[in-house]
Amino acid sequence: MTTRKLGLAVAQMGPVHLSDSRGAVVRRLVAMLREAKARGAEMVVFPELALTTFFPRYWMEEAEAQARFFEAQMPNADVQPLFDAARELGVGFYLGYAELAEDGRPYNTAVLVNQRGDIAGKYRKIHLPGHVEHKPEAPFQHLEKKYFDVGDLGFRVFESDAVKYGMCLCNDRRWPETYRVMALQSAEVVMLGYNTPSLNIHWNEPVHLRTTTHLVSLQANAYQNGIWVAAAAKCGSEDGHHMIGSSVIVAPTGEIVARTLTEEDEVICVSADLTLGEHFRQHVFNFAKHRRPEHYRLIVDRVGAGDPLP
Ligand code: ING
């Protein structure tokens, strides 16, 4: 089997504050795209909601949120320098942003842009965590269910520059169905961005568990689906609200191949051997040979947990 190598990078972002302009943010993204290219990257993964602060932590009217934090076009004047740099450098990227769709619906979205700077795929976040009601007593809100509609594009795999990429966003990474649906479409690399508050408002969770559960979700699913997983944080303290870092690139072995050390803008880059996944998909997780969907029906037929089957 001839080895296929992909220069795969994750561009982690430090905080984006309410006072940070789109222009200032895009300059940071372009700088990291250039660094990644210099280190051999062919594909660069940016975080979820990369252009703005994590605004679902704030209560406001939807109209205000959409006016301040959403993009009605992609690309647009603010992000065009990033698309131009991608074309100039011949590097693809994944970018998360708040999308105001043509029909007016709001989504938490990511696009895949190929090495010619063209949009080659789009994903709209399906697993929306948090709540819709105002929790005035909470230290911050988590209003993704208020500001975004559930994604309507499904989990898709896009072939771009000879690699099959899957995309998801943040909370999606905690649900095994996310990866399996994309692995059943022969994904080789799953890219995702995340904004993960380090404080749990529901119970007194030891803070280290935020990183543990983040990593175990990525490592298990990379291994169990024979895929590379590249996960980019926006992290650090945004106007006093801390989010975890630990951006990583995980191999189909489930091993962390690269990991960020800071909670600032930081690029990690690996030469990903895409044939490594094929070994696992042929021998360990050969879906066609070993899976028995007739015994998995409950996964699709039930939403919440119910009684044991009779
Ligand atoms: N953030 C968090 C995430 O899934 C969360 C929300 C954290 C849910 C921890 C459950 C546990 O990483 C987003 N934006 O989904």
The range 276-309, residues that are open to solvent by less than 60 Å² (accessible area, probe 1.4 Å) and small (G, A, S)
G277, G304, G306
Just to check your reading of the model, which residue among S247, S160 is away from the ligand (no atom under 15 Å from the Cβ) and touching a strand residue (DSSP E or B) at 6+ places or on another chain (Cβ under 8 Å)?
S160
Scanning the range 230-248 for residues that are among the hydroxyl-bearing types (S, T, Y) and part of a loop (DSSP other than H, G, I, E, B), which turns out surrounded by the most Cβ atoms within 10 Å (Cβ to Cβ)?
S247
Condition check: under 20 Å from G236 (Cβ atoms) and within 14 Å of the ligand (Cβ to nearest atom). Does L128 satisfy that?
no
Name the one entry in V190, V181 that is among the aliphatic types (A, V, I, L, M) and touching a Gly at 6+ places or on another chain (Cβ under 6 Å).
V190
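For the range 200-218, which residues satisfy the criterion of being hydrophobic (A, V, I, L, M, F, W, C), more than 16 Å from T260 (Cβ to Cβ) and surrounded by 15 or more Cβ atoms within 10 Å (Cβ to Cβ)?
The one that is hydrophobic (A, V, I, L, M, F, W, C), more than 16 Å from T260 (Cβ to Cβ) and surrounded by 15 or more Cβ atoms within 10 Å (Cβ to Cβ): I201.
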Residues located in the range 133-155, provided they are within 15 Å of the ligand (Cβ to nearest atom), open to solvent by 80 Å² or more (accessible area, probe 1.4 Å) and either without any contact (Cβ under 8 Å) to a residue 40 or more places away in the chain or basic (K, R) (or both)
K145, V150
Top-ranked residue in the range 205-222 [being more than 20 Å from R281 (Cβ to Cβ), more than 10 Å from the ligand (Cβ to nearest atom) and at pLDDT 95 or above; ranked as nearest to the chain's Cα centre (by Cα)]:
L215
So how many residues does the range 16-58 have that are within 16 Å of the ligand (Cβ to nearest atom) and open to solvent by 20 Å² or more (accessible area, probe 1.4 Å)?
1
Note down all Cβ pairs under 8 Å where the first residue falls in the range 203-225 and is closer than 20 Å to M167 by Cβ, the second is open to solvent by 80 Å² or more (accessible area, probe 1.4 Å) and among the acidic types (D, E), and they're at least six residues apart or on different chains.
Q219/E255
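Tell me yes or no: at least one residue of the range 96-105 is away from the ligand (no atom under 16 Å from the Cβ) and of a type in the set (F, W, Y).
Looking for residues that are away from the ligand (no atom under 16 Å from the Cβ) and of a type in the set (F, W, Y), one finds none in the range 96-105, hence no.
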Within the range 171-197, restricting attention to residues that are within 10 Å of the ligand (Cβ to nearest atom) and open to solvent by 10 Å² or more (accessible area, probe 1.4 Å), which residue is farthest from the chain's Cα centre (by Cα)?
P197
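The values are calculated or read from the model by the stated rules, or taken from the named source; none is laboratory data. Remember, predicted model here, so these are calculated numbers, not experimental data. All Cβ positions, glycine included, derive from the backbone under ideal geometry; neighbour counts span all protein chains shown. The accessibility values were calculated without ligands, DNA or RNA, using every heavy atom of the protein model including side chains. Shrake-Rupley method; radii C 1.70, N 1.55, O 1.52, S 1.80 Å.
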